[in-house]
Each structure stands twice: as structure tokens, then as C-alpha cells.
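Peer 1: Quick one: structure below, then a few questions.
The values are calculated or read from the model by the stated rules, or taken from the named source; none is laboratory data. Everything quoted here is computed from the prediction, not taken from an experiment. Glycine also receives a Cβ, built like all others from the backbone with ideal geometry; neighbour counts cover every protein chain displayed.
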Amino acid sequence: MTTRPLSARSVVLSLLLGAHPPELPASALVQAGDLFGIAEATLRVALTRMVAAGDLDRTDRSYRLSSRLLARQHRQDAALDPATHDWDGTWELVVVTSSGRSAADRADLRATLTELRLAELREGVWTRPANLGRPLPGWPDGLLVELTATPADDPAALAARLWDLTGWNATGRGLLSDVAAASSDADRLAIAAAVVRHLRTDPALPATLLPAGWIADELRATYATYQDELIRTGLSVTRV
């Protein structure tokens with residue numbers, strides 16, 4: 001895997017989005033910057049700019065995520081390891097019923113539905129197995145309707161139609177190989193970031209709908225091992 005150099009902002013966000021609680025001393029952030037090839041002066045400039053931009057709050061000796069990025073951290077934590085429950089064969093169905101929305105509004109809705117791990121069956125019709133332990137958000141009146149349904153045809157075939165499961169698994173295996181081959185701290189961080197992004201697109205399907213050798217659990221375990229190693233140095237790292 002070819003990795004591009006990490007910016008100071010990326011390193012800081014990586015560290016704080018992975019820290020629980022999401023606050024680290026300035027000295028730890030400087031030390032981390034050095035670990036990933038970021039000069040102290042460059043990192044301190046980035047911290048100042050992030051405070052000014054509302055990404056971080058500053059205390060006497062430390063920096064922590066702002067309330068806006070705290071919400072992002074919560075979404076990320078939930079996305080990395082989604083809560084599932086036993087599946088009874090039903091599917092969630094979300095049908096967009098409103099029209100005349102702006103392109104930006106349509107794009108925002110698509111992003112929200114995708115983040116909820118729904119897939120588009122046809123324009124305006126989104127679905128997935130009802131095995132996730134997360135509520136759907138409150139929608140504006142008249143925007144869409146929520147239903148449950150049971151497919152008449154093979155649900156595994158439908159899942160394979162909605163998600164490129166073979167491609168997702170192949171990318172995951174490539175990332176595992178990249179983790180094993182990484183030769184520098186910066187490369188390992190960048191690859192860990194790619195693992196996080198990939199796990200956020202895991203459809204989290206019931207096991208009966210997945211192909212053999214599904215790689216998601218191994219990816220999560222590999223990422224957790226990487227994070228634990230960094231925790232032992234006083235840092236907990238992730239990146240979106």
C-alpha cells in the first residue's frame with residue numbers, strides 16, 4: 001500500500017478521536033507528532049488553528065475534542081463495531097416519498113441512509129436485514145416512510161445484489177496484508193486509518209447472508225491489537 005504523508009491535523013485528530021476520554025496533554029501530542037515525523041513547531045501551529053476552527057477545546061495543559069467532534073467520535077465508535085441482534089428474516093425498508101428537494105439535501109439524505117448501513121434497492125427505496133440494534137432517526141414529516149418486509153426470493157442473493165461482498169472482503173484481505181507489511185509508524189497509522197474507513201462500510205449482515213471467510217471480525221481484532229499497542233505507550237489512535 002502506498003501511503004501519503006500525514007498532516008499534523010490528521011495526526012492530532014487520529015489521536016484524539018481514538019482516545020477515551022478524548023483529551024491528551026500537549027506534551028503527548030507533541031511526542032506523537034515526532035513519532036509520525038511531524039515537527040513540534042508544525043504540530044503546535046496545527047493545534048492553534050484547530051482551536052480557532054472549533055475542532056478542539058484547550059485547557060491549561062491539554063487539548064480535547066470540541067462538542068461537534070465528540071458527536072463524530074460517538075458515531076465512529078458505533079460504526080466500527082455495530083450492535084447486532086438475532087435476525088428473524090425481516091428487512092427494514094425506507095421509502096423516500098418527498099420530491100422537489102435540492103441536490104444538497106438529496107446528497108445529505110443518501111449519506112445518512114448509507115451511514116445507517118442501508119442499501120439502495122432502486123431510486124428512493126433503501127433496505128437491509130433488520131438485525132441492527134440501532135434506531136432509525138426521526139425524519140422530517142413527509143420525507144419518507146419506514147416499513148418492514150420479508151423478501152419472497154433468496155435473501156442471500158438479494159444481499160449479494162445490494163452489496164459487493166466479494167469486493168469488500170478482497171479489500172479487507174489486502175488491508176490485512178498491508179498491516180503485516182508496514183515498516184514505519186506513519187505507515188501503520190495510515191493503514192489503520194484505512195482499516196477504520198473500511199470497517200465503517202461493513203454492511204453488518206446476518207452471518208447466514210455472508211460469504212464464507214468474511215474478514216470483518218479479523219479486521220476488527222487486528223485494529224484492536226494495533227490500538228492496544230499504542231495505548232501501552234499512552235496513546236490511543238484511530239482516524240477517519
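Peer 1: Test Leu175 against the criterion of being part of a helix (DSSP H, G or I), among the aliphatic types (A, V, I, L, M) and touching a residue at least 24 places away in the same chain (Cβ under 8 Å), and give yes or no. Lay out the reasoning, then the answer.
Peer 2: Details: part of a helix (DSSP H, G or I): yes; among the aliphatic types (A, V, I, L, M): yes; touching a residue at least 24 places away in the same chain (Cβ under 8 Å): yes.
So Leu175 passes the test.
Peer 1: From the residues in the range 31-54 that are at pLDDT below 90 and assigned to a helix (DSSP H, G or I), which one is surrounded by the fewest Cβ atoms within 10 Å (Cβ to Cβ)?
Peer 2: Among residues in the range 31-54 that are at pLDDT below 90 and assigned to a helix (DSSP H, G or I), the one surrounded by the fewest Cβ atoms within 10 Å (Cβ to Cβ) is Asp34.
Peer 1: Still on this structure, I have one more. Find all pairs meeting these conditions: Cβ atoms under 7 angstrom apart; at least six residues apart or on different chains; first residue within the range 14-31 and more than 15 Å from Leu189 (Cβ to Cβ); second residue part of a helix (DSSP H, G or I) and among the charged types (D, E, K, R).
Peer 2: Note: pairs meeting the criteria are Val30/Glu40.
Peer 1: Filter the range 213-240 down to residues that are at pLDDT below 95, more than 21 Å from Ala181 (Cβ to Cβ) and in a loop (DSSP other than H, G, I, E, B), then give me how many there are.
Peer 2: 6
Peer 1: Is it the case that Trp168 is at pLDDT below 95 and either over 18 Å from Arg122 (Cα atoms) or in contact with a Phe, Trp or Tyr (Cβ under 7 Å, 6 or more places away or on another chain) (or both)? Don't jump to the end; show me each part of the working.
Peer 2: Values: at pLDDT below 95: no; either over 18 Å from Arg122 (Cα atoms) or in contact with a Phe, Trp or Tyr (Cβ under 7 Å, 6 or more places away or on another chain) (or both): yes.
When the stated conditions are applied, Trp168 does not pass them.
Peer 1: Quick one: which residue in Thr127, Thr114 is surrounded by 13 or more Cβ atoms within 10 Å (Cβ to Cβ), among the polar types (S, T, N, Q) and without any contact (Cβ under 8 Å) to a residue 24 or more places away in the chain? Break it down stepwise before answering.
Peer 2: Numbers: Thr127 fails: without any contact (Cβ under 8 Å) to a residue 24 or more places away in the chain.
Matching residue, one of Thr127, Thr114: Thr114.
Peer 1: Out of the residues in the range 1-30 that are of a type in the set (A, V, I, L, M) and more than 23 Å from the chain's Cα centre (by Cα), state the one that is modelled with the lowest pLDDT. Step through it out loud before you land on a result.
Peer 2: Of the residues in the range 1-30, the ones of a type in the set (A, V, I, L, M) are 1, 6, 8, 11-13, 15-17, 19, 24, 26, 28-30.
Filter again for more than 23 Å from the chain's Cα centre (by Cα), leaving 26, 28, 30.
Values: Ala26: 91, Ala28: 87, Val30: 90.
Result: Ala28.
Peer 1: Okay, moving on. Can you pull out every residue in the range 135-163 that is exposed (fewer than 13 other Cβ atoms within 10 Å of the Cβ) and within 22 Å of the chain's Cα centre (by Cα)?
Peer 2: Passing the criteria: Pro135, Pro137, Gly138.
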